[in-house]
Structure formats: C-alpha cells, structure tokens
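Since the structure comes first, as structure tokens, the remarks are kept for the end.
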Amino acid sequence: MLEAIKEIVISEEDIQQKIKELAAKINNDYSSEELIVICILKGSLFFTSDIIRLLTMPVVVDYMAISSYGNATKSSGVVRILKDIEEHIEGRHCLIIEDIVDTGLSAGYMKNILSLRNPKSLKICSLLDKKIMRINDIEVDYAGFVVPEKFLVGYGLDFRDKYRHIRDVVTLKEEVIGVSDKL
C-alpha cells in the first residue's frame, strides 16, 4: 500500500490539529443547542467520527450517501442519493460533514435537498476545500484545508474504494491511477 503513495499532502498530525480548530468553532457557534450531524458516506466517516468526539453540545448523527464520481477521479456532474437521512430535521440545526468539496455540485445538491425540509440552520463542514475546481458557488462554512487541483486519497478519500484507511491525505503515483484517470 505504501508503495502506491507519491507524496503526503497533509499529515495526520496537521489533520488532527485542524479538527480541533474546527470543533472549537462549531462548539462556539452552537453552544448548548442540539446539532444534527449529517455524515456523507463513505468519505467523511473518519472525519465525522473524529470531530463529533470533540463537540460539547448534544449531537445526533445521521448518514447520507451520494454518488457523483463512480470509479473516476473527476465528478460526473450527476448527483444521486444512494441513502437518505432518517432524522426529521425541520426546525433543527444541521451540519453536513463532507470529506472534500470540489466542484460544489454535490454539496450544493445536498444543501438544496435538505433545505426543502426546513431546518433551523444548515451549514457545511469539509475537511478539504478544492476551491479551484468550484463550478457551483457553494460556501463551506467550516473549511479545514484549501487544497490544490490534485487527486487526493487517504483519511476517508478513496480511489476505486481503496486507500481510505491511510491516515494522511496523499497523492498516488501515476501508474496506480492509470493513464486514463489522470487529472
């Protein structure tokens, strides 16, 4: 597995420090109010797990699975809901937790769909913000790291459902990704 890594872009230590900073901001904004955390599967599972353990308000966790990548390294632009949340969010504070926001199409789609359910508030927290790829003008309320236009894996991000378990955020060697999948 390690032989597939080209470079470490963000270390595990930097990720954990950023999570502490983001959790402090979220704790300040929501204080003691209940918060519905919506973990976007599968990529944000590790990030969600780490950040919610640092939150001090009452937290309810729910899950949503969407797809816009398939097996590619670029978004197809077509967003599909594979699993919807189960919680009723009307009149409740909600926080969508994403691993990465790049084009903004998926995040915008989720925010629009969930807004129709009349939450009290609806914000987005993302470990990685790839602003350079933004097509949809969506704002990330709690952004961890602004990252360059590189295909990243690790800490939840995958390539063909592999490499999620790597503790750092990394790039892969070109021969691993393949010629047809290169950015």
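For the range 102-113, filtered to residues that are without any contact (Cβ under 8 Å) to a residue 40 or more places away in the chain and not polar (S, T, N, Q), the residue that is surrounded by the fewest Cβ atoms within 10 Å (Cβ to Cβ) is Ile113. For Asp168, the stated conditions hold: it is of a type in the set (D, E, K, R), in contact (Cβ under 8 Å) with a residue 24 or more places away in the chain and in contact with a helix residue (DSSP H, G or I) (Cβ under 6 Å, 6 or more places away or on another chain). Those residues that are in a loop (DSSP other than H, G, I, E, B) and either touching a helix residue (DSSP H, G or I) at 6+ places or on another chain (Cβ under 7 Å) or closer than 23 Å to Ile52 by Cα (or both), I need them from the range 131-146; list them, please. Answer for the range 131-146, where residues must be in a loop (DSSP other than H, G, I, E, B) and either touching a helix residue (DSSP H, G or I) at 6+ places or on another chain (Cβ under 7 Å) or closer than 23 Å to Ile52 by Cα (or both): Ile135, Asn136, Ile138, Glu139, Val140, Asp141.
Exactly one residue out of Ile124, Ile166 is in contact with a strand residue (DSSP E or B) (Cβ under 7 Å, 6 or more places away or on another chain), in a strand (DSSP E or B) and either closer than 23 Å to Ser11 by Cβ or of a type outside the set (Asp, Glu) (or both): that is Ile124. Residues in the range 65-96 that are more than 18 Å from Gly156 (Cα to Cα), buried (at least 16 other Cβ atoms within 10 Å of the Cβ) and at pLDDT below 95: Val79 only.
Scan the range 155-171 for residues that are among the hydrophobic types (A, V, I, L, M, F, W, C) and modelled with pLDDT under 95 and the total you get is 1.
Checking each residue in the range 5-40 for being over 19 Å from Ser121 (Cα atoms), surrounded by fewer than 17 Cβ atoms within 10 Å (Cβ to Cβ) and among the aliphatic types (A, V, I, L, M) picks out only Ile8.
Considering Asp99, Asp62, the condition of being buried (at least 18 other Cβ atoms within 10 Å of the Cβ) and either in contact with a strand residue (DSSP E or B) (Cβ under 6 Å, 6 or more places away or on another chain) or at pLDDT 95 or above (or both) is satisfied by Asp99 alone.
Listed residues Ile38, Ile15; which is hydrophobic (A, V, I, L, M, F, W, C), under 15 Å from Glu98 (Cβ atoms) and assigned to a helix (DSSP H, G or I)?
Answer to the check: Ile15.
Okay, residues lined up against (1) over 19 Å from Leu45 (Cα atoms); (2) acidic (Asp, Glu); (3) surrounded by fewer than 13 Cβ atoms within 10 Å (Cβ to Cβ):
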position	(1), (2), (3)
Lys120	yes, no, no
Cys125	no, no, no
Asn136	yes, no, no
Ala143	no, no, no
Pro148	yes, no, yes
Arg160	no, no, no
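The values are calculated or read from the model by the stated rules, or taken from the named source; none is laboratory data. The shown structure was predicted, so the numbers you read here are calculated from the model rather than taken from an experiment. Every residue, glycine as well, gets a Cβ built from its backbone with ideal geometry; the counts of neighbours run over all protein chains shown.
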